[in-house]
Amino acid sequence: MLWEAVMSNNPSRFKSPDRPVERVSWKDAQEFLAVINGRMPGLDLSLPSEAQWEYACRAGTMTALYNDPMEIIGVNNVSGLDTIAWYGGNSGVDFELENGKRGTHPVGRKEPNPWGLCDMLGNVWEWTQDQWHDDYQGASTDGRPWEGSVPNASRVVRGGSWDDGPRVVRAAFRRLVEPSDRRFLGFRCARVHS
């Protein structure tokens, strides 16, 4: 696991070399990026902006799921979601029983999006670089992260997790999270070429 190789620890509740790292705060993700970028000058990894994350998730599509327009069947199931994401409808989650929740799943077991990216939806929520804003008025139009001057401001996470219902495990859903939070949270690295 890359996180363990770089940071010499694994904060995850569900530890396995093929599962995503989770229980990572926004600050933890920033620390990881500083360490790996310091070891490999010119790599220039970062968290994706919210716009970059959604663009990568949709992979040229305009539907709620990159493989399907999203039809909810029953309480937890969506026709196209099962093949591309781990979420509450296929993760053995029993919403009535606390101990019915199973955890993350190995990465790369679901179909990738048209650009070859796996697990963009479900498994773990993913940090973005952006601070939370209630709407997009004032956001950058070129996809750069929307930062602000408020220290320790709430951040945006995307993608949903293995524990969530289908209404939030879709390309457009965004959630406000405090930067110190770790529950169900991971990240993916972005590298933008100028």
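Per-structure values
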quantity: Charge-dipole axis of the chain as Lys and Arg at +1 and Asp and Glu at -1 on Cβ define it, positive-most pick from PRO114, VAL124, ILE36; calculated: ILE36
quantity: Whole-number D in µm² s⁻¹ for segment 100-179, Kirkwood Cα-pair radius fed into Stokes-Einstein, 37 °C, 0.692 mPa s; calculated: 232
quantity: Mean ellipticity per residue at 222 nm, deg cm²/dmol - from DSSP H runs of n ≥ 4 across the chain, formula -39500 (n - 2.57); calculated: -4500 deg cm²/dmol
quantity: The chain: Cα Rg divided by the 2.2 N^0.38 Å rule of thumb; calculated: 1.00
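Here, each number is a calculation from the coordinates, and none is a lab measurement. These figures come from a predicted structure and were not determined experimentally. Glycine gets a Cβ as well: all are built from the backbone with ideal geometry, and neighbour counts include every protein chain shown.
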